[in-house]
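Enquirer: Handing you a structure now.
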Amino acid sequence: MIFREANISDIPQMQIVRNSVNENQLSNPDVVKDKDYEIYLTDNGKGWVCEIENEIVGFAIVDLVESNIWALFLKPKFEKQGIGKQLHNLMLSWYFQQTKTTVWLGTAPKTRAEQFYKFSGWEEIGTHGKEIKFQMTFEQWQNL
């Protein structure tokens, strides 16, 4: 299991991961283009991947411009192995080294992701469209 920074050449495999999930599925997978990934990886923030035997099984991307977690996804068969937590921690450690600005995310209600974020110390602060909105302050992160 290798964790490393994501790069542009990882985007096709990241798309596969994103479209393999059982929860928080895109209603139209064509909505999120390769160019969107590229912008978040190069201009707006940074991403990380987990590889097992040269296969990307999970990834995370944070957006510094909007102070937002843009993505944290795993292939379903790799859930419950600590991969999501490791990607989460890499992403937030980097984010809070760049800024002390509160970061937020949205996720569908009644999902494993909702439980993951609650367990990981995120604070529920309302809704964002049909999603639950969570935030993490620098102080909350430091105290975990």
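Enquirer: Can you give me the orientation-averaged projected area of the convex hull built on the Cα atoms of region 50-144, in nm²? Don't skip to the answer; put the middle values down first.
Expert: Numbers: hull surface 25.5 nm².
Hull-based average projected area comes out at 6.4 nm².
Enquirer: Moving to a separate point now. Scattering from the C-alpha atoms of region 43-97 alone, worked out with Debye: what is log10 I(q)/I(0) at q = 0.19, 0.30 1/Å?
Expert: Reported log10 I(q)/I(0), two decimals: -0.61, -1.19.
Enquirer: Can you send over the carbon and sulfur percentage of the accessible area for the chain, probe radius 1.4 Å, protein chains only?
Expert: The computed percentage sits at 48.
Enquirer: Among Asn68, Gly45, Ile8, which residue has its Cα positioned farthest towards the positive end of the charge dipole of the chain, with +1 placed on the Cβ of Lys and Arg, -1 on the Cβ of Asp and Glu, and the dipole taken about the Cα centre?
Expert: So the residue furthest toward the plus end is Asn68.
Enquirer: Work out which helices of the chain, taken as complete DSSP H runs, extend at least 30 Å along their axis over the Cα atoms and score a mean Kyte-Doolittle of -0.5 or more, then list them.
Expert: Passing helices, by number: none.
Enquirer: Let me ask something else. Mind putting a number on the dipole of region 18-121 about its Cα centre? Charges go on the C-beta only, +1 for Lys and Arg and -1 for Asp and Glu, and I need it in Debye to the nearest 20.
Expert: Details: 12 positive and 13 negative charges, 93 e Å.
Once rounded to the nearest 20, the dipole reads 440 debye.
Enquirer: Share of Cα-Cα pairs in region 1-81 beyond 16 Å, in percent?
Expert: On the way: 1533 of 3240 pairs.
Every Cα pair in region 1-81 considered, those over 16 Å come to 47 percent.
Enquirer: Can you list the aspartates and glutamates whose alpha carbon sits under 15 Å from that of Lys35, skipping same-chain ones fewer than 8 residues off?
Expert: Once the sequence-local aspartates and glutamates are set aside, what remains near Lys35 is Asp10, Asp43, Asp63.
Enquirer: What value, in deg cm²/dmol to 500, does the helix sum -39500 (n - 2.57) over DSSP H runs of n ≥ 4 give at 222 nm once divided by the residues of the chain?
Expert: It lands at -8500 deg cm²/dmol.
Enquirer: A 20 angstrom limit on the alpha carbon distance is what I want to check against. Which of Lys110/Lys133; Lys33/Lys118; Lys46/Lys80 exceed it?
Expert: Over 20 Å Cα-Cα: Lys33/Lys118; Lys46/Lys80.
The values are calculated or read from the model by the stated rules, or taken from the named source; none is laboratory data. Not measured: the values here are computed from a predicted model. As a convention, Cβ positions derive from the backbone with ideal geometry for all residues, glycine included, and neighbour counts pool all protein chains shown. Each accessible area value is taken on the protein alone, full model and side chains, heavy atoms only, with ligands, DNA and RNA left out. Shrake-Rupley method; radii C 1.70, N 1.55, O 1.52, S 1.80 Å.
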